[in-house]
Amino acid sequence: MDIQNIKKQLSAAYPYRVELHAHSKPASSCSQVPAVKLVENFKAAGYDAVTLTNHFSHRVLITYYKTEDKRTACEMYLEDYRKAKEAGERLGIQVYLGAELRFEPENNNDYLLFGIDEEMIYRAYDYMDTDLETFVTKGKSDRSVLVQAHPFRDNMARMEPRLLDGLEVFNMHPGHNSRVVLAEQFAGGYQLKLKTIGTDYHYEGHENLCAARFPALPADSFALAQALKSGDYLMEIGENLILP
Ligand SMILES: [Zn+2]
Ligand SMILES: [Zn+2]
C-alpha cells in the first residue's frame, strides 16, 4: 500500500477536522477577522468545527474593553462567540466556546481552555488577577481541559506539569517561533499526554494550516474536552498527518 492510500485510510478513520485555536475581532484586539467571517472561512476550507479561543486577561478586559464591570466585560467577550455560533448553525459548522487565558500578575503565559460554557467565562473572570495554581485548584471545572499554549515561545515560563492537562505542542502562528520540537520533547519528558495543535488564527488566508482530526464530531465544548482527554485523534499539518 502506498503512502497516499495510507493517508486516505487514516483520513477516513478520523474524518472530522477541528480548529483548536482561533481569534476573532473585536473580542481579540489582535485579530483581523470578524467572528462571522472567521466561521465562513473555516467552513469554506472544509472544517467541521472551529474553537473560538479569544484572549481573556485583565489587560484585555479592562484596558481593551475599557470597563471594570464584570457583566459588561463578559458580555463583550461572549458576543463574538454567540455570533460565530449562530453563523455556524446557519452554515453547518460546529462552533465551540474556548478561551485563551493569561494570569497577568504571574507572567505572560497563555493557556487554552476547552470544555466550558458561558457561565464558566463569568467564573474565570474572578480569577484573572490571580495565578495559574489558584485558578486550577479553585476556579477550573473538572469538565474543562487546560493546556499551556505555545510554551516555548520567547518570554514564556514553563509551569509545573501538575497544573496542566497538557501542552499545545504545535502552534502555527507565522509571526512567532514556537519551538515546536522543544514543546514536544517537554511534553514527552513530563508524560503530559494531552497535546494539541492550533493555527492560532488571526489573519485571513491562514485557514488550512493545520487541524486536529477526530473519529467523531464532538457535540459541544465539553465533548471536545472529553475527546481531547481520550487522546484518540490525529494532527494534520498542511497535507501531512502526524500522531499527537
Ligand atoms: Zn492574539
Ligand atoms: Zn492565541
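The values are calculated or read from the model by the stated rules, or taken from the named source; none is laboratory data. The shown structure was predicted, so the numbers you read here are calculated from the model rather than taken from an experiment. Heads up, the Cβs are rebuilt from the backbone with ideal geometry, glycines too, and the neighbour counts pull from every protein chain shown. Accessible surface is based on the protein model in full, side chains and every heavy atom, while ligands, DNA and RNA are left aside. Shrake-Rupley method; radii C 1.70, N 1.55, O 1.52, S 1.80 Å.
Can you spot a residue in the range 90-104 that is part of a helix (DSSP H, G or I), of a type outside the set (F, W, Y) and surrounded by fewer than 23 Cβ atoms within 10 Å (Cβ to Cβ)? Yes: the range 90-104 contains one or more residues that are part of a helix (DSSP H, G or I), of a type outside the set (F, W, Y) and surrounded by fewer than 23 Cβ atoms within 10 Å (Cβ to Cβ). Inspection of the range 121-138 finds no residue satisfying the criterion of being out of contact with any Ser or Thr (no Cβ under 9 Å at 6 or more places or on another chain), open to solvent by 30 Å² or more (accessible area, probe 1.4 Å), modelled with pLDDT under 95 and closer than 25 Å to N177 by Cα. None of N171, N155 is touching a helix residue (DSSP H, G or I) at 6+ places or on another chain (Cβ under 8 Å) and either within 16 Å of ligand 2 (Cβ to nearest atom) or β-branched (V, I, T) (or both) except N171.
The rows are residues; the columns are (1) under 19 Å from P218 (Cα atoms); (2) exposed (fewer than 14 other Cβ atoms within 10 Å of the Cβ); (3) out of contact with any strand residue (DSSP E or B) (no Cβ under 7 Å at 6 or more places or on another chain).
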site	(1), (2), (3)
I6	no, yes, yes
A13	yes, yes, yes
V33	no, no, no
L38	no, no, no
A44	no, yes, yes
H58	no, no, yes
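Cβ-Cβ distances below 8 Å connect the following pairs, each with a first residue in the range 19-43 that is of a type in the set (D, E, K, R), a second residue that is open to solvent by 50 Å² or more (accessible area, probe 1.4 Å) and within 13 Å of ligand 1 (Cβ to nearest atom), and a separation of six or more residues or different chains: K25/Q32. Working only within the range 179-206, note down all residues that are surrounded by 22 or more Cβ atoms within 10 Å (Cβ to Cβ) and not in a helix (DSSP H, G or I). Residues satisfying the conditions are K195, T196, I197, G198, T199, D200, Y201. Taking the listed residues V50, V36, V60, the one that is part of a helix (DSSP H, G or I), within 18 Å of the chain's Cα centre (by Cα), of a type in the set (A, V, I, L, M, F, W, C) and within 16 Å of ligand 1 (Cβ to nearest atom) is V60, with no other qualifying.
Results for (1) within 14 Å of the chain's Cα centre (by Cα); (2) of a type in the set (A, V, I, L, M); (3) within 18 Å of D142 (Cα to Cα), shown as yes or no for each residue.
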site: V169; (1), (2), (3): yes, yes, no
site: Y190; (1), (2), (3): no, no, no
site: N208; (1), (2), (3): no, no, no
site: I237; (1), (2), (3): no, yes, no
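For the range 23-38, the candidate set comprises residues that are touching a helix residue (DSSP H, G or I) at 6+ places or on another chain (Cβ under 6 Å) and small (G, A, S); within that set, the residue that is farthest from ligand 2 (Cβ to nearest atom) is A35. Here L78 does not qualify as buried (at least 22 other Cβ atoms within 10 Å of the Cβ) and among the hydrophobic types (A, V, I, L, M, F, W, C). Output the residues belonging to the range 208-227 that are open to solvent by 40 Å² or more (accessible area, probe 1.4 Å) and within 16 Å of ligand 2 (Cβ to nearest atom). Scanning the range 208-227 gives a single hit, L209.
Of the residues making up the range 63-89, those that are of a type in the set (V, I, T) and not in a loop (DSSP other than H, G, I, E, B) number 2.
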